[in-house]
Amino acid sequence: MAQPAVGRMTVAEFLAWDDGTEQRYEPIDGRPVAMNPPGGPHRTITANATGVALAALRDRPSCRPENEAGISRRRRGLPPTFAFDLCPRARQPSAGRDREGATMAERRSYLPVSGMELPRFAGIPTFMRLPHVPVEEADDVQIGLIGVPWDGGTTNRPGPRHGPRQLRDASTMIRLLNQATRLRPFHMARCADLGDCPVNPADVQDSLQRVSAFYGRVRAKGIVPMTAGGDHLVSLPVLRGLVGHGAPVAMIHFDAHTDFYDSYFGGFRFTHGTPFRRAAEEGLIDTSRVVQIGIRGSAYDGEDVEWARAHGVRIFMIEEVMDKGVDAVMAEARAIVGDQLTYVSFDIDSIDPSQAPGTGTPEIGGLTTHMAQRMIRKLQGLNLIGADLVEVSPPFDPSGMTAWVGVNIMFELLCVLADAVQRRSAA
Ligand SMILES: [Mn+2]
């Protein structure tokens, strides 16, 4: 086939195109990629070869003039391009730089699509309008936003399996800058939507294995996960994958419930009320460095709280939180986890149901959204290895308010995760 004229190519043209050389080109990261044939003209295509919809690609940061690649092009005196670039699979020998002098890192962009370019209600939603990068291709991603659409551990009102999709939609509202802390997480760490973790809605143990295997791959890539559940049992396989056979980690856990129960329904040990009992037994968390914040409500018998306290967990019941205030509580929490590797788990039901009603087990008298924001910001500087936001249940969230709360909590968590990533990579 003759080479098409320089300019835009369709996917079909790209796939059919043979430039008559040994050089082969293929997409990287499952996203639009650049193609600069050595010695040949710069070409662009209008969709990638992995079948991602054209409309989605138009929304990609790599297509936008304000993204890193665009800035890089401007810096080099080149016009911004809305087309994405294709990179030759076989690297050119010049230290990984292409004909225009750009490195691979400069070519890729992990910035969200700007609401100044494409309205926030438009386009195919990914978490925070980040690029979608499958985990097997996420070689330079530092923070992966991951959905776990599963609620097989739910004992009462189900629905968090629908959480990731609604959270992705709501997350299109999130912007770049945290005005309170001045952190810009997307500029501090390369963030991407790694998609949804595979699950089996009809089998608890199979799902636990699938999730832990997925997070094992995330860990192997050195990616810090920001998880959107899913019910709270999701945290167990996430910790299994993330900690593996390593030393138990510290944890800061926001919740109305301890989730330290032993079993339900006559000995069944895997529900969203038991994940941290299992995590403690399996050596995934160090209970002497676990802090729980916001615990309240009526209880079965208090056995969960007694067991946790007997194993060194610091439980801040909601009354103590309200009496002492955010700063004092978080100062003590920080002192307990110290510089240990620390996981953060945030159950949306820690927030008062007047502000976050869409959850399976609401308890009155909870944290306000503002308190939660202030508390998460106090995690900056800790040695964080990952975080989750769980129990958003769209069927009980007709206003969509709970998802708004959830994605803003995710953004606060992302800010402190990005800070941890940035400091570790600078060390
Ligand atoms: Mn919970």
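Once the Cα-Cα distance is subtracted from the 0.36 nm per residue extended length, the Q209 to N383 segment shows a gain of 60.0 nm. Each label was represented as a point 7 Å from its Cα along the Cα-to-Cβ direction; for E136 and A247 these points are 3.5 nm apart. Of the trypsin sites (Lys or Arg not before Pro) found in the range 258-322, those in coil by DSSP whose Cβ has at most 14 other Cβ atoms within 10 Å are R269.
The local environment of S171, defined by Cβ-Cβ distances under 12 Å, has a net charge of +3 under the rule Lys, Arg +1 and Asp, Glu -1.
Would you please state which residues of the range 113-145 a label at Q179 would reach in this model, taking the label point 7 Å out along Cα→Cβ and a backbone N cut-off of under 17 Å? So the set is 115-116.
Which net charge results when you count Lys and Arg as +1 and Asp and Glu as -1 among the other residues whose beta-carbon is under 10 Å from that of L208?
Here the charged neighbours net out to +1.
Under 5 Å from the amide H of G147 lie the amide H atoms of G195, D196, C197, A228, each residue being 5 or more positions distant or on a separate chain, with H modelled from the backbone and absent for Pro and chain starts. Under a 5 Å amide H cut-off, with hydrogens placed 1.01 Å from N, S345 pairs with I252, H253, F254, D388 among residues at least 5 apart or on other chains.
Derived scalar couplings between HN and Hα for the range 241-257 equal x, 7, 8, x, 9, x, 5, x, 9, 7, 8, 10, 10, 9, 5, 7, 10 Hz in order, rounded to whole Hz, by the Karplus curve 6.51 cos²θ - 1.76 cosθ + 1.60 (θ = phi - 60°), x for Gly and Pro. Sorting 393-402, 210-219 by their mean Cβ neighbour count within 10 Å, with the most densely packed peptide first, gives 210-219, 393-402.
Taking K and R as +1 and D and E as -1, what net charge do the other residues with C-beta under 14 Å from the C-beta of G244 add up to? Local net charge: +3. The distance from the alpha carbon centre of the range 272-311 to that of the range 319-393 is 15 Å, rounded to a whole number.
Each reported figure results from applying straightforward, stated rules to the coordinates on display, with no laboratory input. Everything numeric here is computed off the predicted structure, so don't read it as measured data. Note: ideal-geometry Cβ built from the backbone for every residue, glycine included; neighbour counts use all protein chains shown.
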